[in-house]
Amino acid sequence: MQYRLWQTVTAAVRRLPPRASYAIATVVGTLTFYCWPRGRRATLRNYRRVLCGAPAREIRRTARRSLVNYCRYLADFVRFPNLSPDQLRHSCQSADVFAALDQALAAGKGAIIVCMHFGNWDLGAGAAAAAGYPLTVVVETFKDPRLDDMVVSSRRRLGMQIVRMEKAGPSLVRALHHNGLLALLIDRPVPGEGVCVDFFGEPVEVPTGPARLALRTGAALVPTAFARLHPGRPDVVALADFTIPVCPTGNEHEDVRRLTQAVLASHERFIREHPDQWYMFREMWPLAASPAQ
C-alpha cells in the first residue's frame, strides 16, 4: 500500500507546479494531524517538552504545522531528482557553512554531519553533493523493497553514496579516511542501547555512533540542519556548529556522552529557532516520563 501510494503521489506532484503541490501538502498534513491519533498524541507530547510552558493552543498549532512542513518536504523530495546541480546549490544558502566546512576538511580526516529529521535535510545533502563534496549517507531500509528502491534511487540521483544502516561499519570509516562527508541522523531514541543525554531539560537515549566514529577517526563532528526559509519555496538556509572539539581523554564512555551532549545542545538551539520544522512523530522521551496529556 505504501508503495502504491508513493507511486501515485510521485506521479501527481511531478505534474503540478510547486505552489499547487504545497497547497495539497498543507491539506494532507492537516488531515493527517487530525486522523492519526497515535502520531498526534506522540507529537503533542514531544512539543510539550520543546515548548515547555507555552499555551496548549500554541503547542497544538506547532505540532500541526510540523506535519504540514513534513508533507512539504515530501513534495520537494519527489521533485529533487529533476533539479540540476546549479538549482540545488542555489536553493541552499550555505556559503559561510561551506567555507567553514572546507577549513574543517583541511585536516584531512573528513567530517561527520549529524542531522535530525528537520527542515529539508535531503536538499542540503543534495546541495553539498552538487558542490562537489563526496557525501555518504546512512539510511534505514523500507520493508517494501520497491518503495525502498524508489527512495534510495532518488537520493543517489542527488549525488549521495548510500550505506544501509544494518550494513554500516567499515564503509563509514573508509568514507572519512577519504576525507569525505558522512551524514547521520541522531534523533532516533534507542532506550537501553544508546547514551543518555539531556535534551530540552529531560533525559533521552540516542545513538552513540556519531561520537564513537569521531573519536575513532578524528573527523570533525558537525551538528547541521537545513531550515526552510519560505512555506511556498524549497529554499533552505544551512545551520551548523563547527565548535565541538573532538579530544579523547582516555575515558571513552565519558567522551561519547560529552560529544553527544554537545551535538544535542546544538540541535536544541536549531529547533528552538524553528520548532515547527522538527519532524518527530513518535515518542522522543520515555512515555513514563512524559507529562500528562
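The values are calculated or read from the model by the stated rules, or taken from the named source; none is laboratory data. These numbers come from a predicted model, not from an experiment. Cβ sites come from the backbone with ideal geometry, for glycine too, and all protein chains shown count toward neighbours.
Here are some notes:
- Within the stretch 229-246, the set of residues being modelled with pLDDT of 95 or more and either farther than 30 Å from N82 by Cα or out of contact with any Cys (no Cβ under 7 Å at 6 or more places or on another chain) (or both) comprises V237, L239, A240, D241, F242, T243, I244, P245, V246.
- Residue satisfying all of: in the stretch 225-264; out of contact with any Ser or Thr (no Cβ under 6 Å at 6 or more places or on another chain), closer than 18 Å to H90 by Cα and not aliphatic (A, V, I, L, M); surrounded by the fewest Cβ atoms within 10 Å (Cβ to Cβ) among these: H230
- Test: residue in the stretch 32-48 that is in contact with a Cys (Cβ under 9 Å, 6 or more places away or on another chain) and part of a helix (DSSP H, G or I): yes
- Boolean, S84 is buried (at least 23 other Cβ atoms within 10 Å of the Cβ) and farther than 30 Å from P245 by Cβ: no
- Inside the stretch 58-76, residues that are farther than 11 Å from A25 by Cα and either outside the structural domain of R19 (by TED's automatic domain parsing) or hydroxyl-bearing (S, T, Y) (or both) make up a count of 2.
- Of all residues in the stretch 25-47, those that are closer than 27 Å to R233 by Cα have Cβ atoms under 7 Å from Cβ atoms of residues that are assigned to a helix (DSSP H, G or I) and of a type in the set (V, I, T), 6 or more apart or on another chain, in A25/V68; T26/V68; G29/V68; T30/V68; L44/I59; Y47/I59; Y47/T62.
- Count of the stretch 66-88 residues which are in a helix (DSSP H, G or I), more than 27 Å from M280 (Cα to Cα) and in contact (Cβ under 8 Å) with a residue 40 or more places away in the chain: 3
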